[in-house]
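Please read the structure below before turning to the comments.
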Amino acid sequence: MPKRLGLRRVSCESVQGEGSWVELDDLTVKEFKEIRRKAKSEDYDDVGASMDLIEKHIVGWNWVDYNDKPLPIPSMYPAIVDTLTLKEMTFLANALLGEDEASKN
C-alpha cells in the first residue's frame, strides 16, 4: 500500500553539531505558487516569508542555544526564529525547499 511521504528528517550537523536534526513537513504546490506570486511584488519580504514558512513547517528538532539548552520549536514559540543565526536560517530555508542532500525519510 502506498504511503505519502510528507515528513523529512534532515541532519543539521553543519549548523548545530553532531547528532542534530530537524523534522519538516513538505510545502504544498499551492504554498510554493503563492511564494512565487508574492515574490514578484515590490514590497515582498523574503526574510519574513521564510520565517513564516519555517514557523509553520518545522515539526520537531533537537536544536540548542549556546548554553546547550533545548530551543522550542518555532510553531510553539515563533520568537525563537529571531534568535537563530543567519547560517541556521539559511540552512532551514534550503532544507524546507528540499535543497539539502542529507534529507532522509
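If I stretch the segment between residue 31 and residue 5 completely, what's the gain in nm (0.36 nm per residue apart, minus their alpha carbon distance), one decimal?
Length gained between residue 31 and residue 5: 7.6 nm.
May I ask which of 38/69; 33/87; 3/30 have a Cα-Cα span longer than 32 Å here?
Values: 38/69 36 Å; 33/87 25 Å; 3/30 21 Å.
The pairs that break the limit, which is 32 Å between Cα atoms, are 38/69.
Show me, for region 59-67, the HN-Hα J-couplings you get by feeding each phi into the Karplus relation (A = 6.51, B = -1.76, C = 1.60, θ = phi - 60°), rounded to Hz, glycine and proline as x.
8, x, 6, 10, 6, 10, 8, 5, 9
Using amide H atoms built 1.01 Å from N in the peptide plane, name the residues 5+ places from residue 60, or on other chains, whose amide H lies under 5 Å from its own.
HN-HN under 5 Å from residue 60: 23.
Using θ = phi - 60° and the Karplus relation 6.51 cos²θ - 1.76 cosθ + 1.60, list the HN-Hα couplings for region 15-20 in order, rounded to whole Hz, with x at every Gly or Pro.
Working through the residues one at a time gives 10, 10, x, 4, x, 7 Hz.
Applying the Karplus parametrisation 6.51 cos²θ - 1.76 cosθ + 1.60 with θ = phi - 60° to the phi angles of region 21-32, what ³J(HN,Hα) value in whole Hz is obtained for each residue in order, glycine and proline being reported as x?
Result, ordered by residue: 8, 9, 9, 10, 9, 6, 5, 8, 4, 4, 4, 4 Hz.
Quick one: Debye curve from the C-alpha atoms of the chain, no solvent, what's log10 I(q)/I(0) at q = 0.22, 0.24 Å⁻¹?
Listed by q, the Debye log ratios stand at -1.26, -1.44.
No lab work stands behind these numbers, since they all come straight from the coordinates. None of these values were measured; they are calculated from a predicted model.
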